[in-house]
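Down below is the structure, laid out as structure tokens.
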Amino acid sequence: MRGHDRESDRSMNVLEPHQWRHPTIVAGVPWKNPVGTASGTFQLAACRWFYDVSQMGAISTKGVSPVPWEGNPSPRTAETPAGTVNSVGLQNPGVDHYLVDELPKLKELGATVVTNVAGHSDDDYAEVVAKMNDSPADMLEINVSCPNVSHGGMSVGSDAVALGRLIVRLRGLTDKPMTVKLSPNVTDIVPIARAAVDSGADALSLINTIVGMRIDIRTGEPILANRTGGVSGPCIFPIALGFVWRVRQALPTIPLIGIGGIDSGEKALEYLYAGANAVEVGAAALYDPTAPLRVARELDDLLDSRPELARRLANGGTWR
Ligand SMILES: Cc1cc2nc3c(=O)[nH]c(=O)nc-3n(C[C@H](O)[C@H](O)[C@H](O)COP(=O)(O)O)c2cc1C
């Protein structure tokens, strides 16, 4: 370990340095490569010991709310084949802490930062977005899709009219590029996606977790204290990919960030061929902390032999 005093110097890169060859642009924001971390699965204090965070296409940070939230009672995670079910419930130290702590540290390290915004009400989202407007965050990701909170979250993200109203209000509060993170827990995602875009979203992130649960057969009771949670990991990959495909078919020009089950460059590539401009890696980082950077490097190699796709991404375009 190096002997510097500054906290921002205390980080490591277990993978050797890499020159990125294939950047992308998401809603006008340049990413060094098309791979970001997914919100809630990245923590600077932990991840900096495994890789140089400035190497990622972007870092999407844990959802921030106007005041600190404690999240849901434990147990909050359960294993499932090829995935995990979580009911963390947006635990976070609040936007004021984020603005003086995690965000400046990430920017000092040279990261491109996507700030994930959480709320229980329209006023919550508005307060955070207004505070973030003067910050050095590169992009805001409005999470209207968390299945683990009783108000806000998924409820606003499953009602096109309510979502449209919220995004119009947030649009009036910030000039920052705004991606809206959508829920798969709806009958038809297209009208919801369209409402977000028509109301001022610059991009869409899809998907958040899929509602699910596990039951402990010794007690006959749900494992999670919250009873249900959100399923993520490789088991949701084909489902999430299908959502990106459907939204790309319906909305040919909106930038898309594909999320769900990515644990390899090949899976990231499938999202790009489905029409995504970029992807985020989530649950894979919970069992392999270097997964986001490894996926980015695998994808960089795969794009070498796909010059047309690489050219389109570098110019802010997509495969379809
Ligand atoms: C433990 C955990 C916490 C999460 N927290 C958030 C969050 O705060 N905000 C958000 O928008 N998504 C959150 N998510 C959802 C992920 O960002 C991602 O959309 C989802 O897990 C699907 O991707 P994956 O299969 O790669 O994990 C969380 C996921 C997990 C597993």
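Being surrounded by fewer than 24 Cβ atoms within 10 Å (Cβ to Cβ), within 18 Å of the chain's Cα centre (by Cα) and charged (D, E, K, R) narrows it down to one of Glu102, Glu108, so name that one.
Glu102
Testing Gly316 on (1) surrounded by fewer than 20 Cβ atoms within 10 Å (Cβ to Cβ); (2) out of contact with any strand residue (DSSP E or B) (no Cβ under 8 Å at 6 or more places or on another chain); (3) of a type in the set (Gly, Ala, Ser), one condition comes back false. Which one is that?
(2)
Can you tell me which of Ala225, Ala240, Ala193 is of a type outside the set (Phe, Trp, Tyr), over 29 Å from Leu109 (Cα atoms) and touching a helix residue (DSSP H, G or I) at 6+ places or on another chain (Cβ under 7 Å)?
Ala193
Return the total of residues in the stretch 79-130 being on the phi < 0 side of the Ramachandran plot, in a loop (DSSP other than H, G, I, E, B), within 13 Å of the ligand (Cβ to nearest atom) and in contact (Cβ under 8 Å) with a residue 40 or more places away in the chain.
Residues in the stretch 79-130 being on the phi < 0 side of the Ramachandran plot, in a loop (DSSP other than H, G, I, E, B), within 13 Å of the ligand (Cβ to nearest atom) and in contact (Cβ under 8 Å) with a residue 40 or more places away in the chain: 4 in total.
Out of Ile223, Ile210, Ile262, which single residue is of a type in the set (Val, Ile, Thr) and surrounded by 23 or more Cβ atoms within 10 Å (Cβ to Cβ)?
The match here is Ile262.
Confirm whether Asp159 is more than 13 Å from the ligand (Cβ to nearest atom) and modelled with pLDDT of 95 or more.
When the stated conditions are applied, Asp159 does not pass them.
Can you confirm whether Asn143 is within 15 Å of the ligand (Cβ to nearest atom) and polar (S, T, N, Q)?
Yes.
Please enumerate the residues belonging to the stretch 205-251 that are more than 21 Å from the chain's Cα centre (by Cα) and within 19 Å of Thr318 (Cβ to Cβ).
Hits for the stretch 205-251 are Gln249, Ala250.
All but one of (1) buried (at least 24 other Cβ atoms within 10 Å of the Cβ); (2) free of Cβ contacts under 8 Å to residues at least 60 places away in the same chain; (3) in contact with a Gly (Cβ under 6 Å, 6 or more places away or on another chain); (4) of a type outside the set (Gly, Ala, Ser) hold for Asn143, so report the exception by its number.
Status for Asn143: all satisfied but (2).
The values are calculated or read from the model by the stated rules, or taken from the named source; none is laboratory data. The shown structure was predicted, so the numbers you read here are calculated from the model rather than taken from an experiment. Note that we place each Cβ from the backbone using ideal geometry, even for glycine, and neighbour counts take in every protein chain shown.
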